[in-house]
1. Taking the range 2-53, which residues are aliphatic (A, V, I, L, M) and under 18 Å from ILE323 (Cα atoms)?
2. Could you tell me which of the residues LEU338, LEU342, LEU387, LEU394 is in contact (Cβ under 8 Å) with a residue 60 or more places away in the chain and part of a helix (DSSP H, G or I)?
3. Within the range 2-35, can you find the residues that are in a loop (DSSP other than H, G, I, E, B) and farther than 23 Å from TYR99 by Cα?
4. Quick check: is even one residue across the range 119-135 modelled with pLDDT of 90 or more, over 27 Å from LEU21 (Cβ atoms) and in contact with a Ser or Thr (Cβ under 7 Å, 6 or more places away or on another chain)?
5. Which numbered condition in (1) touching a strand residue (DSSP E or B) at 6+ places or on another chain (Cβ under 8 Å); (2) more than 15 Å from PHE164 (Cβ to Cβ); (3) assigned to a loop (DSSP other than H, G, I, E, B); (4) of a type in the set (A, V, I, L, M, F, W, C) is the only one that ILE38 fails?
6. Hey, does the range 207-224 have a residue that's β-branched (Val, Ile, Thr), assigned by TED's automatic domain parsing to the domain that holds ASP297 and touching a Leu at 6+ places or on another chain (Cβ under 9 Å)?
7. Tell me whether the range 91-110 contains one or more residues that are touching a Phe, Trp or Tyr at 6+ places or on another chain (Cβ under 9 Å) and loosely packed, with under 15 Cβ neighbours inside 10 Å.
8. Counting only residues that are within 25 Å of the chain's Cα centre (by Cα) and small (Gly, Ala, Ser), give me the strands (runs of 3 or more DSSP E) lying completely in the range 203-294 with at least 1 of them.
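The values are calculated or read from the model by the stated rules, or taken from the named source; none is laboratory data. Since the model is a prediction, treat every value here as computed from it, not as a measurement. Cβ placement follows ideal geometry from the backbone for every residue including glycine, while neighbour counts extend to all protein chains displayed.
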Amino acid sequence: MQLSNLNFSNFKNWKNFNTDLTKINLFFGQNSSGKSSIIQLLLLLKQTVENKDEKVVLFFGDDKKSYVNLGNFDEILNRDAIEEELIFGFSCFYFGTIYKFYTKIDKKDNGIIEVKSIEMSDIIKGVSISGEKRSNGYEVKYQRKNNLSQNLSKTISIDKMKYFFGLPFHPFNEKLIDDNLFTLEYNIKRLFENMIYIGPLRENPKREYKWTATRHSHFGIRGENTFDAIITSIKENEIFASQFFNFKGSLAEIVGKWLVEFGMADDFQIVPISETKQLYQVNIKTKGSKNWVDICDVGFGVSQILPIIALCYYAPTDSIIIIEQPEIHLHPKVQSGLGDLLIDAALSRNIQFIIESHSEHLLTRMQRRIAEEKIDDKEIKINFCNLVGGESVLEELQVDDFGEISNWPENFFGDEMEEIYQMQNAILKRKMKLAQAETNEEN
């Protein structure tokens with residue numbers, strides 16, 4: 001299950017945001033332009049869905065195990081919002097079915113936030129459920145079109161909502177209606193549980209890793225479970241496939257192939273150093289060397305890219321992977337290679353990516369692969385976030401099937417031509433100054 005649309009209003013610097021999503025979604029822009037806020041909204045919804053207390057409409061997070069800490073409702077609300085309400089919606093597709101969701105969240109006079117209204121629908125089945133806040137609770141309406149395109153409807157009243165999307169168990173007391181409602185709620189929950197997030201700074205390398213003999217659903221925000229998961233995968237004799245290498249093998253083998261492709265290593269291995277204590281060491285054979293060295297003794301970039309490589313194949317098929325600044329601490333060549341990694345996971349494993357980045361090398365590689373027909377231009381979407389008058393604005397870049405961008409934003413990656421001009425101007429001035437000094441000496 002993956003996102004086909006995301007929209008929201010009054011969230012931080014965004015008065016309005018609306019974009020369709022595809023396989024690989026890249027968000028570029030200057031600092032404080034609103035890129036991170038897009039990811040923060042998704043993480044806010046994810047951590048709310050995963051929170052065990054269903055009475056919490058939105059779980060803003062804490063400093064413990066939440067994905068993001070956003071403070072409170074007032075801190076995330078756009079300061080220029082005409083109505084003090086947070087609005088968000090999304091569409092997702094799953095095995096030919098399209099689900100849509102839309103809600104408004106506001107604050108009561110006593111400061112407690114609540115769901116103001118909600119709409120959920122299954123477009124293919126023609127089923128929709130909507131709820132509106134009333135003085136004594138919620139008025140909830142169910143509608144379904146039958147085979148004759150006739151509208152069948154039923155309205156009930158309930159006291160409270162669960163989270164930002166749920167109704168009490170069996171509220172309509174009719175099996176068909178309640179089954180449809182359960183399916184809608186289940187798939188919304190599944191959508192966010194299916195998202196995997198890895199942050200901009202991955203965990204520092206260690207000289208030894210303890211295997212916990214468990215299976216992980218994700219690697220952790222900083223990739224802290226990466227090697228534990230790889231070792232489990234090896235123990236289970238799991239096989240993964242890569243179209244890019246036309247290869248099937250263990251997760252460790254695929255990680256090694258990418259490190260070689262990126263020019264970061266000639267080989268990679270995980271070896272036991274204490275069977276009784278289940279301790280392992282991660283070794284790298286650096287480029288051109290015959291000797292193995294500990295991962296702590298090679299460039300920091302290896303430990304930063306390795307969790308991303310492994311996650312692209314370890315994540316379940318059809319997952320959504322959200323990554324902030326994957327290019328941090330990476331050489332430009334590796335940043336370019338990231339494009340091939342993302343394309344391979346998207347095509348061979350049907351992974352959807354939502355990426356925040358500043359890397360022009362990543363972008364250029366994507367454009368090149370479109371031109372080479374390695375991936376269709378419809379499966380890559382490039383967005384530019386800009387700050388206009390204190391308000392975040394989204395511009396979708398128009399990429400044709402040759403990989404060319406027709407609406408290149410001004411100062412997308414800084415003004416390169418201006419830098420070159422100023423450098424050449426400075427060189428000319430210095431040379432003139434040196435020449436004048438030599439003339440003065442001769443006189």
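1. LEU3, LEU6, LEU21, ILE24, LEU26, ILE38, ILE39, LEU41, LEU42, LEU43, LEU44, LEU45
2. Checking each option against the conditions leaves just LEU342.
3. LYS12, ASN13, GLN30, ASN31, SER32, SER33, GLY34, listed by residue number.
4. Looking for residues that are modelled with pLDDT of 90 or more, over 27 Å from LEU21 (Cβ atoms) and in contact with a Ser or Thr (Cβ under 7 Å, 6 or more places away or on another chain), one finds at least one in the range 119-135, hence yes.
5. For ILE38, the failing item is (3).
6. Initial filter on the range 207-224 (β-branched (Val, Ile, Thr)): 212, 214, 221.
Right, trim to assigned by TED's automatic domain parsing to the domain that holds ASP297 and you get 212, 214, 221.
So of that shortlist, the ones also touching a Leu at 6+ places or on another chain (Cβ under 9 Å) come out as none.
No: the range 207-224 contains no residue that is β-branched (Val, Ile, Thr), assigned by TED's automatic domain parsing to the domain that holds ASP297 and touching a Leu at 6+ places or on another chain (Cβ under 9 Å).
7. Taking every residue of the range 91-110 in turn, none turns out to be touching a Phe, Trp or Tyr at 6+ places or on another chain (Cβ under 9 Å) and loosely packed, with under 15 Cβ neighbours inside 10 Å.
8. Answer list for the range 203-294: 240-242.
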